[in-house]
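Take a look at the structure set out below.
The numbers here are math on the coordinates, done by the rules we state, and not lab data. No experiment lies behind these values; they were computed from the predicted model shown. Glycine gets a Cβ as well: all are built from the backbone with ideal geometry, and neighbour counts include every protein chain shown.
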Amino acid sequence: MKQSIKLLIALIIGLLIFNACGDLDEELYSSINSEEWYSTENECVLAMGSAYGGLRYRGTSLWGLLGLESVTTDESIIPVHTNGSYLDNDGLWRDLHKHDFSSYQQSVTDSWEFCFSTLANCNQILYQVENSPAQFDGKVGMLAELKTLRAFVLYKAVDLWGNIPINMDFEDTSLPTQYTRADAFDLVEEELLAAYPLTEAAPSSEYYGRCTRPLAFAILAKMYLNSEKWTGEARYADAIAMCDSIISKGNFQLESSHADNFIIENEGSPETIFTIPYDRVIGDFGFQMHMYTLHYAMLPKYDLTGTWCWNGISMTEAMYDSYDDADSRKAAWLIGPQFYFNGDTLMGYEGGQLTFTKTITDLDQSPEAEGVRVFKWEMNTGLSGWETMDNDFAIFRYADILLMKAEAIMRNNGSTTSSDATVLNLVNQVRERAFGDDSHNYISITLDELLAERGRELAFEEVRRQDLIRFGKWGDAWKFKPVSESYKELFPLPNNAMNANPNLQQNDGY
Amino acid sequence: MNLKLSKLKIILTLKFRLMMILIIAVQGFAFAQPRIITGTVIAESGEALIGVSVQIQGTTIGAITAVDGTYSIDVPPGSETLIFSFVSMETQEIAIGNQTIIDITLTESILGLEEVVVIGYGTTSRKEITGSVASVSSDEFIQGDMPSPLGAIQGKVAGLSVVSSNGSDPTSDYTVLIRGQNSLSGGRAPLIIVDGAPWGGSLSMIDPEQIKSFDILKDGSAAAIYGTRATNGVILITLKKPEQGDVKFEFSSFVSYEAVENNDRWFDADGYRDAIGTLFPDRDNLDKGASTDWMEEVSRTPINQNYNMAILGGSENLSFRANMAYKNNQGLFQENYSNVVAPSIFVTQKALNNRLTLDYKLFYSRTNSSDIPGGLFGQTIGRNPTEPIYDPTNIAGNGYYDNLMQGSRNPVAMLNESTNDRELNFINGLVNAGYEITDNLFLQFTGSYNIWMGDNGSYQTKFYPLLGKTGQASVGSWTTKSYTLEPSIRYRFSIGDNHRFNAIAGYSYNEGNSSNMSITNANFDTDKFSYHNIAAGNDLIEGLANIYTHRESNKLIAYYGRVSYNYGNKYLASASIRYEGSSRFGANNKWGSFPALSVGWRLNQESFMSGLTFLDELKIRAGVGVTGNQDIPNYQSIPRLSTRIGDSSGLFYYQGKWGNVYVPDNNPNPDLKWEKKTEYNVGIDFGLFKRISGTVDIYRRTISDLLWYYNVPVPPNVYDNVYANVGQMTNSGIEILLQGDILKTKSLNWKTILTWSKNVNIMDQLADPSRGYELEYIKYTPAATSWGQLLRQGEAVGNFWAPVYVSTEENGTTVYEDVDGDGDVDENSIEDRVLVGNERPDFEMGWQNELTYKNAFLTFSFRAVVGQYLINWERMTTESTRSLSTGYNGLRSTLDHPDYTDQSRYDTRFVEDGSYLKLDNVVLGYNMKFGQNNLRLYVSGRNLLTFTNFEGNDPEQVVPWINTDYAKFGGDNISYPYSRTFILGAKFNF
């Protein structure tokens, strides 16, 4: 007994001394204290990845850029189908299509979050890498790459909201001031012109999916082309020069078939300038066109029973009709009676064979099979759960650059119709690739025809909104959409961003 | 060490010798010899009382009555008074005079003034308590089948709300609240302390038979000694201890079965056919030809068994209590069961002349259970009753009928084609050492260790509906450990005769650790492995298997002290303080102080009140205390980088390969601190006519520095919100407890207890613009496609706002009222919605009755919760003809509204008054005595009757607190079917 008392007292005193230090620092096991990172080259490289993450998540999502740049246009529509599951989100897609924008809509808030959290992330990584003790060969190139990425999201923000708050310095913790669209434009241009000499000059498998010099040229080309619309200052000659910087290097060429750009394994395509790489092994969410567009009866056909679909997004009838029947691109849009691969008929839920039709009768109560479905990207089989499709999504393609240069030349000359050989040559490269031969080439082209050609070539690739605005058609009425006022060329600033920063002024009209 | 101890011994022995000399000297001067007094102590019923303490006032000389109630005590000359005391009886003081035989009848103290009440770090008597503390002892427990022992005190404590989270589901754990909800994002559960050590997890492995009493610290002044864990109140559980004496056995067991009420709210096959014949006569593909009662196919009548055996005994120096519990529960759904085996041992050892007391406790429990597949209940209840179960032509689907509808799974297939096993091992070890240095100075040391280890394994075969893979396996395990070390010192002293002080001071160290791991793999070549060869899944080869481990830890360190003052049992006071630090708080705010002060005045002890003989007790108490809440996630205050495995933004394509991404996880907040509650409580305890007693408490608590997520600009921040201490809310209320003997005769007794409580909540402040934290409102509770509840400054938490339903048009569009009259109806805006009601009740009431007639007893208890509103999820999601037209089953009430044709919408139609009155518990039984042995038989029923206007299953549901996760809406919110449990039980003590 005496022994155990001694032991007990020893234990008590021992524990008291041991614990009386009062050390309450938290010990992290499954995350890292960011103050302990960025000390080696490898750590810097790994941190760079987080800046690209947002692109994969919201870059192709209906609740991100796809919603703002496609659903709002005359190329796509999401009616509410009458049977079972459908994509409605309490009217969000119908409102977007009708240009009924609000600062509470999720596509608006999430796209904003994508742009600005990528910006903040880039600022932080740039700061940490610049100040890191690690010195390595690729450091300068890495900083330029991040600045290009940062400029890309700012270009998107200038396109979507125009008057945006910008902060380019991680150490500046004050509330960012709001730039006018013109000033923001200048800032982005400046950043790109400074960064591009330091970035990787040519595409390569090493730089696949990352920001390279051709990307910087492509962004600048877009900006200069839109400059008259955005800032009032026409800069079409600069746009032509930027397109030439890409074309003349000969690093890119059109794929032999349009569909080759959108197959599942579309890496290594010579046509893509900047892509968002996807792979189903990387995880959930991401590029989910299969969920947006398929009818649920089709899931077993594509071995997709472990996932969901919302029978939602379709191409509009008007856009579908604008394809000539000989146009190979028309095959990307699914219409007509559906069959299994072995030839059995595929039944719908409202009775009878599932037969897609192009006409949508009622936006609020559309029968299950109305709407041309989006099969532009080769449909993956065997996906389950929330897995993303494998197809990489091209943000910039060489075909777009060719069409842009043609447009820039026409606008530079102030013409609405052209028979200029250079212009026709550029457009016809795309046209021939689509038709397989020169039988449908243009012998002269108007701006309206150019817009329509862009629409057919680049459908659902998140460029339509920008094109419609530039060509002055954004405010027009089309089926299910009334005329919209000019202030709708900009989206409203999201409400939580306005709450967080009292310096911000909402865009006019909202 | 040796030297100190031997010095102490020398001092003690010296003192002892001196005392001996003195006593002998005094004895030497006495003229008369010490005499012996004997007698018998009985209760009012004539029953002999064993264990009554007989003590000579002013001395330590005492005796205890034997089994037959007799005692014998040596009384030295000069002794004047004998004190007879016994728990739950009125203490009596008798003048000795010249008597040699003193017989006494002790009367029951209805007030239990001598009753020991456990307060933090010590005990006191009910007489002396100055805070708001309620006690429930084991003879008042509700009997029967319950998921955790907290069900035994449901409705017995005013201000304590014990509500089953999912209606009548007997396996669904309770949500326990004391005095309303006191946080927005932090935990709202009270701190649970078992035998002095924090429990830190589920109580389900403790059988109520093992519990001696619950003491609940309700107000701030009582709970403040627990510092940052005490804002939601403290529940102190005391387990039954070893007892000296002959070896005794206590055995109790019961068998119960659950009777599920027939579900008439949904269509059966015939009703469904009639309905679609009326509503959709041209849709001939909805009637699939069969008649299936899906609920019947997947469920059974659960029969549960419960056995508990305790052996106790021992000598003065070593006593023990060994316990073995076994519980076997069948769930309502087939394949669902749970078995618990829980042995425990408790040893008390005394040594060094009884100066040293050592308590050791070792408790182990193992639970083996099997879960039902997720979503089974929703799939069962909503399935078309004309669908057959099997379809022999569906060879690819193993012969189950597949309705080919999105998200729809055949429930029989779900049960048969999946396995979900779970095992939980739990160990609790406690060491309590108390050393009496002198009569008034005690040294105490408590150390406890809890560890939960859970394992689970599940497998779905390739025929599991909508799996999309050929077999999927997942295994996981989690471990939570918590240990506490608490040394303390206690000192008791008096100044003069009447000023008595009781002080304690101590140190507390608590550390918690949790870790978990999981593996998922799919696409197996064969189902024969189940989940026992998880590497064999082909997904691993393709890089699609998932593996995961995680670990967290946290620490809590504190210094605490308390002084209690008692002047002649008339004026009472108590002051305490705790200085505590938690690892969870930001670097700038790790430590905080939590003081408390309470006073009490026993008016009936005053001379000017002595005329009022009907007044047994009248005490007025008042107290104020400050507590904190550290029940928030770990690591919020530091800047973290994490990987994002499993999310498409979690990998980065670099140089032709995928690699990990390290992403800043949060906006760190080094100023993060606890939420602070300051509470004022005023109470009256009274007793009248020796038959009625009660307590009234009135309180007001202000909780400031509430933690919530506030928008911050991006950039400069990486995320658009930060977790910050900003808001403030106030809860105030009244609690009344009234108990009395309606009848008290020799053979028939009727005791009744009534509890009533009301709590009012106001959100005083939600934002702080001066610090840059703006927030106009919080919209939460996803309901159908939008938000259901709104929180704004100046309003209560828990308000349901809904658009006002007007009508449904021909084409199915729902028309809502233009509430703000601006010509445009936006049903998602606040302006076009009205406040329908609040999820918190206006008041809660409990009414217990205990009737005894000779050896028979009948207890019945009612519980009422009135004024709360609920969303009727069932009606909201299925009371529309669209439910039927899309191939699902629907509610019969749809026929009353054939105009409801829209998709599921949230509006005034579906927010209902959920007030209810339940006949919770009825027990009818008989006590039999055979000498010293005791047998008690009973039958009992739970959840027997419910009176309510709520049209759903069971209005007893808990609304999840401030749930803003819209990704979760539309989930399995259809609640458990209404069921009653019937129990047959026996208890045998010998």
Quiz item: Relative contact order (percent) for chain A, with alpha-carbon contacts under 8 angstrom and 6 or more residues of separation?
Solution: 19 percent
Quiz prompt | Relative contact order (%) - criterion: Cα under 8 Å, at least six apart; region: chain B | solution = 10 percent
Practice problem: Place a +1 charge on the Cβ of each Lys and Arg in the stretch B:48-164 and a -1 charge on the Cβ of each Asp and Glu, then give the dipole magnitude about the Cα centre in debye, rounded to the nearest 20. | Solution: 340 debye
Exercise. Tell me what chain B gives for mean residue ellipticity at 222 nm when only DSSP H runs of n ≥ 4 count, each as -39,500 (n - 2.57), the sum divided by the residue total, rounded to 500 deg cm²/dmol.
Key: -2000 deg cm²/dmol
Exercise. Step through the table entries B:Lys361/B:Lys929; B:Lys156/B:Lys758; B:Lys854/B:Lys929; B:Lys156/B:Lys929; B:Lys746/B:Lys987, compare each Cα-Cα distance with 21 Å, and write down the pairs that go over it.
Key: B:Lys361/B:Lys929; B:Lys156/B:Lys929; B:Lys746/B:Lys987
Quiz item: At what distance in angstrom do the alpha carbon centres of the stretch B:723-759 and the stretch B:86-156 lie from each other?
Solution: 18 Å
Quiz item: Where nothing but the Cβ of Lys and Arg (+1) and of Asp and Glu (-1) is charged, how large is the charge dipole of the protein assembly as shown around its Cα centre, in debye to the nearest 20?
Solution: 7780 debye
Self-check item: Between the stretch A:315-377 and the stretch B:821-848, the alpha-carbon center distance in angstrom
Solution: 44 Å
Quiz item: Using only Cα atoms, what Kirkwood radius does the protein assembly as shown have, in angstroms?
Solution: 37.0 Å
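Compute the relative contact order of the stretch A:252-378 as a whole-number percentage, counting only Cα pairs closer than 8 Å that sit 6 or more residues apart in sequence. If you can, show how the numbers build up before the last one.
Values: 173 pairs, mean separation 32.2, N = 127.
About 25 percent, as a whole number.
Sort B:Phe524, B:Phe982 so that the residue with the fewest other Cβ atoms within 10 Å of its own Cβ comes first and the one with the most comes last.
Numbers: B:Phe524 24, B:Phe982 16.
Fewest-to-most Cβ neighbours within 10 Å comes out as B:Phe982, B:Phe524.
Which of the pairs B:Lys248/B:Lys690; B:Lys127/B:Lys241; B:Lys248/B:Lys481 have their Cα atoms more than 31 Å apart in this structure?
Values: B:Lys248/B:Lys690 34 Å; B:Lys127/B:Lys241 24 Å; B:Lys248/B:Lys481 34 Å.
B:Lys248/B:Lys690; B:Lys248/B:Lys481, as the Cα separations exceed 31 Å there.
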Exercise. Could you run the Karplus curve 6.51 cos²θ - 1.76 cosθ + 1.60 with θ = phi - 60° over the stretch A:92-97 and give me ³J(HN,Hα) per residue in whole Hz, x for Gly and Pro?
Key: 4, 6, 5, 5, 4, 5
Self-check item: Coarse-grained scattering of the stretch B:297-423 at q = 0.15 Å⁻¹, given as base-10 log I(q)/I(0) from a Debye sum over alpha-carbon atoms
Solution: -0.81
Quiz item: What angle do you read, to the nearest 10 degrees and between 0 and 90, between the alpha-carbon axis of helix B:2-29 and the longest principal axis of chain B?
Solution: 50 degrees
Quiz item: Considering only the protein assembly as shown, what is the antiparallel percent among its DSSP beta bridges, to the nearest 5?
Solution: 95 percent
Exercise. Report, as an integer, the average count of C-beta atoms from other chains found within 10 Å of each Cβ along A:297-307.
Key: 3
Quiz item: If you wrap chain B's Cα atoms in a convex hull and average its projection over all directions, what's the area in nm²?
Solution: 49.3 nm²
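Which trypsin sites (Lys or Arg not before Pro) from the stretch B:501-582 combine a DSSP loop assignment with at most 14 other Cβ atoms within 10 Å?
Working: sites: B:Lys528, B:Arg551, B:Lys555, B:Arg562, B:Lys570, B:Arg578; in loops: B:Lys528, B:Lys570.
Passing both the DSSP loop test and the Cβ count: B:Lys528.
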Self-check item: Expected 222 nm ellipticity per residue - DSSP helices of 4 or more, -39500 (n - 2.57), all of chain A, to 500
Solution: -12500 deg cm²/dmol
Quiz prompt | Cα centre as origin, Lys/Arg/Asp/Glu Cβ charges: chain B dipole, Debye | solution = 5040 debye
Self-check item: B:Arg355-A:Ser30 FRET efficiency (beta carbon distance; Förster radius 30 Å; 0.05 resolution)
Solution: 0.05
Practice problem: Go through the stretch A:46-56 residue by residue and turn each phi into a ³J(HN,Hα) via Karplus (6.51, -1.76, 1.60, θ = phi - 60°); whole Hz please, and just put x for glycine and proline. | Solution: 4, 5, 4, x, 5, 6, 7, x, x, 4, 5
Quiz item: Considering amide H positions built from the backbone, and no H for Pro or chain starts, which residues 5 or more places from A:Thr305, or on another chain, come under 5 Å of its amide H?
Solution: none
Quiz item: Which lysines have a Cα lying under 20 Å from the Cα of B:Lys676, excluding residues fewer than 8 positions away in the same chain?
Solution: B:Lys218, B:Lys555, B:Lys590
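For a footprinting-style exposure proxy, rank A:Thr388, B:Thr526 by other Cβ within 10 Å, fewest first. Please list the in-between numbers first.
Working: A:Thr388 26, B:Thr526 11.
By the 10 Å Cβ count, ascending, the order reads B:Thr526, A:Thr388.
Could you list B:Ile36, A:Ile335 so that the one with the fewest beta carbons within 10 Å of its beta carbon is first and the one with the most is last? Don't jump to the answer; show the numbers that get you there.
Numbers: B:Ile36 10, A:Ile335 18.
In order of increasing Cβ crowding within 10 Å: B:Ile36, A:Ile335.
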Self-check item: Built amide H within the under 5 Å cut-off of A:Phe393, gap 5+
Solution: A:Ile276, A:Tyr278
Quiz item: Based on the Kirkwood radius over alpha-carbon pairs, what value in µm²/s does the Stokes-Einstein equation return for the translational diffusion coefficient of the stretch A:215-259 at 20 °C and 1.002 mPa s?
Solution: 188 µm²/s
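Not counting the cut sites, what is the longest span of chain A without GluC sites (Glu not before Pro) that DSSP labels loop and that have at most 13 other Cβ atoms within 10 Å? Walk me through the numbers on the way to the answer.
Numbers: sites that count: A:Glu171, A:Glu206, A:Glu233, A:Glu265, A:Glu485.
Within chain A, the longest run free of exposed GluC sites (Glu not before Pro) spans A:266-484.
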Quiz item: How about the stretch A:193-274: which trypsin sites (Lys or Arg not before Pro) there lie in a loop by DSSP and see at most 12 other Cβ atoms within 10 Å?
Solution: none
Exercise. Go through the stretch B:385-399 residue by residue and turn each phi into a ³J(HN,Hα) via Karplus (6.51, -1.76, 1.60, θ = phi - 60°); whole Hz please, and just put x for glycine and proline.
Key: x, 9, 7, x, 7, 10, 9, x, 7, 8, 5, 5, x, 6, x
Quiz item: Dipole of the protein assembly as shown (Lys/Arg Cβ +1, Asp/Glu Cβ -1, origin at the Cα centre): which of A:Thr60, B:Leu706, B:Asn328 lies farthest to the positive side?
Solution: B:Asn328
Exercise. State the Cα centre-to-centre distance between the stretch A:198-257 and the stretch B:201-256 in whole Å.
Key: 73 Å
